[in-house]
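Below you'll find the structure, written out as structure tokens, and then a few comments.
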Amino acid sequence: GTDFSGFQRQSNARSVQAEFEAALAPIEGRDVTVAGAGRTDAGVHALGQVASFTLTTAIAANDLLQALNARLPGDVRAWSVEEAGRGFHARFSARAKVYRYRISNTRVMSPFQRRYAWHVSRRLDFQAMTEAASELLGEHDFSSFQAKGGKTTTGTRTVTRSSWSEEPLAGGGRLLSYEIAGTGFLKYMVRNIIGTLVEVGDGRRTPASVRDILAAGRRAAAGPTAPPVGLYL
């Protein structure tokens with residue numbers, strides 16, 4: 001996602017949707033509209049994006065997979081293609097979404113990580129961040145983690161997974177990975193959660209403070225927005 005303005009088609013910027021539509025047009029012989037399961041922000045990656053579209057041209061799924069990847073640019077790929085049931089829509093048929101955020105918690109960041117993780121050089125308290133993450137499980141009003149100007153009627157969402165994992169990095173330090181799953185997410189919600197959990201990790205907040213942030217219902221109560229570089233759908 002580094003070189004894209006996000007999934008959704010833009011009139012003046014590069015998008016994943018537009019690249020797929022450009023690859024499908026010569027196969028179908030006309031313009032094709034592609035729907036994505038989720039709209040990623042500029043610079044955000046996707047490992048499991050699901051997209052749906054309708055073709056009138058008869059083509060086997062495996063042949064379509066090969067034709068797509070032959071036409072797509074090198075930084076976007078189709079992993080698999082299958083015929084969907086009648087009425088399927090990538091966005092409206094989605095049952096849940098999972099996001100992952102990666103932090104390179106090391107003094108010197110590897111150049112191989114720089115496009116795919118947020119570099120935080122100060123040592124973070126993994127246990128405190130894990131405790132704070134658990135406070136987000138369940139149904140809550142997540143308005144404090146919604147970007148200003150977000151257009152939703154309610155901030156209530158249900159989170160079914162909120163956990164951290166860690167693994168050592170070559171040359172020292174750790175790669176921290178956060179996973180959150182739920183039925184839906186507010187604008188910038190995951191990145192605002194990450195910014196808050198990192199403040200817990202470096203001692204500026206306590207794990208229990210997450211409860212107060214949720215209760216406040218104000219964006220100003222939470223931490224800063226983490227950069228898009230480490231986020232994956």
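Before anything else, pin down the relative contact order of the chain: Cα pairs under 8 Å, at least 6 apart, normalised by residue count, whole percent.
So the answer I get is 22 percent.
With labels modelled as points extended 7 Å from the Cα through the Cβ direction, what inter-label distance (nm, one decimal) is found for Phe112 paired with Arg30?
About 4.8 nm separates the two model spin labels.
With +1 on the Cβ of every Lys and Arg and -1 on the Cβ of every Asp and Glu, and nothing else charged, how large is the dipole of the chain about its Cα centre, in debye rounded to the nearest 20?
Its charge dipole is roughly 580 debye.
What are the ³J(HN,Hα) couplings of segment 158-172, residue after residue, when phi is run through the Karplus curve with 6.51, -1.76, 1.60 and θ = phi - 60°? Round to Hz, x for glycine and proline.
10, 9, 9, 8, 7, 8, 10, 9, 9, 8, x, 10, 4, x, x
How large is Rg/Rh for the chain, to two decimals, with Cα atoms and a Kirkwood Rh?
Answer for the chain: 1.01.
In whole percent, how big is the carbon plus sulfur part of the accessible area of the chain, probe 1.4 Å, protein atoms only?
That share works out to 48 percent.
Which distance in nm do the two modelled labels at Ala96 and Ser11 give, with both placed 7 Å along the Cα-to-Cβ direction?
Taking the simple label geometry, Ala96 and Ser11 are separated by 3.9 nm.
Could you state the orientation-averaged shadow area of the convex hull built on the Cα atoms of segment 12-67, in nm² to one decimal?
Averaged projected area of segment 12-67's Cα convex hull equals 4.5 nm².
Which distance in Å, rounded to a whole number, links the C-alpha centroids of segment 151-222 and segment 62-138?
16 Å
So if each residue of separation counts as 0.36 nm, and I subtract the Cα-Cα distance between Ala60 and Glu167, what length gain in nm does that give?
This chain segment gains 34.4 nm when fully extended.
What residue among Ile27, Gln10, Met129 has its Cα farthest toward the positive end of the dipole of segment 1-130, where the charges are +1 on Lys, Arg and -1 on Asp, Glu, each on the Cβ?
Of Ile27, Gln10, Met129, it is Met129.
Let me know the charge dipole size of segment 96-196 about its Cα centre in debye, to the nearest 20, where only the beta-carbon of Lys, Arg (+1) and Asp, Glu (-1) is charged.
Approximately 580 debye in magnitude.
Residue by residue through segment 33-41, which ³J(HN,Hα) values in whole Hz follow from phi under the Karplus form 6.51 cos²θ - 1.76 cosθ + 1.60 (θ = phi - 60°), with glycine and proline marked x?
Along segment 33-41, the couplings run 9, 10, 10, x, 5, x, 8, 7, 6 Hz.
Taking the Cβ of Ala35 as the center, what net charge do the other residues with Cβ under 13 Å away carry, scoring Lys and Arg +1 and Asp and Glu -1?
Within the 13 Å Cβ shell, the charges total +2.
Note the full-extension length gain between Ala220 and Arg71 as 0.36 nm times their separation in residues minus their Cα-Cα distance, in nm to one decimal.
49.2 nm
Positive end of the charge dipole of the chain (Lys, Arg +1 and Asp, Glu -1 on Cβ, about the Cα centre): tell me which of Leu55, Ala94, Trp164 has its Cα farthest that way.
The Cα lying farthest towards the positive end belongs to Trp164.
The values are calculated or read from the model by the stated rules, or taken from the named source; none is laboratory data. Keep in mind the model is a prediction, meaning the values are calculated, not measured. Heads up, the Cβs are rebuilt from the backbone with ideal geometry, glycines too, and the neighbour counts pull from every protein chain shown. Ligands, DNA and RNA are excluded from the accessible area calculation, which covers all protein heavy atoms including side chains. Shrake-Rupley method; radii C 1.70, N 1.55, O 1.52, S 1.80 Å.
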